[in-house]
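FYI, it's all coordinate maths here, none of it is from the lab. If you're wondering where the values come from, they're calculated on a predicted model, not measured in any experiment. Neighbour counts are summed over all protein chains in view; Cβ atoms, including those assigned to glycine, are modelled from backbone coordinates with ideal geometry.
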Amino acid sequence: MSDLRQVTPTVCRLMGIKPPALATIPALEEVLAAAQFHGARALVYAPDAIGRMFLEARPEMLRRLTAASDVAVPLRAMLPAKTPVCFASMFSGAQPEQHGIRKYERPVLACDTLFDALARAGKKAAIVAVRGSSMDIIFRNRSTDYFTEAYDEGVTARTTELLERGEHEFIVAYHQEYDDALHRTAPDSPDALAAARRHVESYTKLCRAVEERWPGFNRVVVFAPDHGAHFDAAKGTGDHGIDIPDDVDVLHFWRVRPGRGLD
């Protein structure tokens, strides 16, 4: 099965830039075939802990994501299925033993990443993330614009503002409410399900914003969770990190649209 590392080479191919040094794994051919363009702008929406098994058990969410997208790609998360391990691989194209995060820890990465590759290509990038999250921490000290928000609503608002400005060619928007809820309760608790629905709504909202603000550009929007989750009976709450389908199987949804010409 394809895995999270392939996000970086795929984005690089679509944006027409050279991938980072450790991203030697192939791009996702089904995404490239659907796009058939180079030189795109891209927005990666990264909701924490939304797994494939979770979505397949909830057809209404799956239908909404499918309707908003052009390609759905099953991927395997990295092990252990922890947020910093998985996002480090997703945005570097590297294995955990290569990028150095192999457990739940959040150092600033020293390896070459997608954000370094974007800077070398003269592309302006932004990371919009919840304060203190892995996405807010591990990709620091680069020629990237960082926007730290109090919680998910602020991330959505800031990302929409950046789209309106039109200054960035690549944006990551990270949300964490579902992960917070499952660790507090269970992956299928009312609070967790409500949070997951808000993540799906946020993706569709950002897709609409990209269509409105980037109509003249080839454009890519990705629904890109890091891993899934399971219920841990011993803890009495949700958790993730082990090699089971609930934790390691994810679905990424890619929306790829050609530019319509500047108005």
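Data table
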item: Mean-position separation - Cα centroids, region 212-242 and region 60-81, in angstrom; result: 8 Å
item: 20 Å Cα-Cα reach of LYS18 towards lysines, excluding residues that sit fewer than 8 places from it in its own chain; result: LYS123, LYS124
item: Highest-fluctuation residue, CYS207, CYS111, CYS12 considered, GNM on the chain with Cα pairs under 10 Å; result: CYS111
item: Of PRO187, VAL222, CYS207, farthest towards positive along the dipole that unit charges on Lys, Arg, Asp, Glu beta carbons give region 166-231; result: CYS207
item: Region 84-133: equivalent-ellipsoid semi-axes (sqrt of 5 x gyration tensor eigenvalues, Cα, Å); result: 19, 15, 8
item: Built amide H within the under 5 Å cut-off of ASP3, gap 5+; result: ARG76
item: Interchain or long-range residues, amide H under 5 Å from HIS252's placed H; result: VAL73, LEU75
item: Descending Cα extents along the principal axes, the chain, whole Å; result: 55, 37, 35
item: Region 187-263 pair-distance distribution - Cα-Cα, 5 Å bins, rounded %; result: 3, 13, 17, 18, 15, 11, 9, 7, 4, 2, 1, 0
item: Principal-axis tilt of helix 59-68 within the chain, Cα atoms, nearest 10 degrees; result: 10 degrees
item: Summed residue charge, Cβ within 13 Å of LYS82's Cβ, Lys/Arg positive, Asp/Glu negative; result: -4
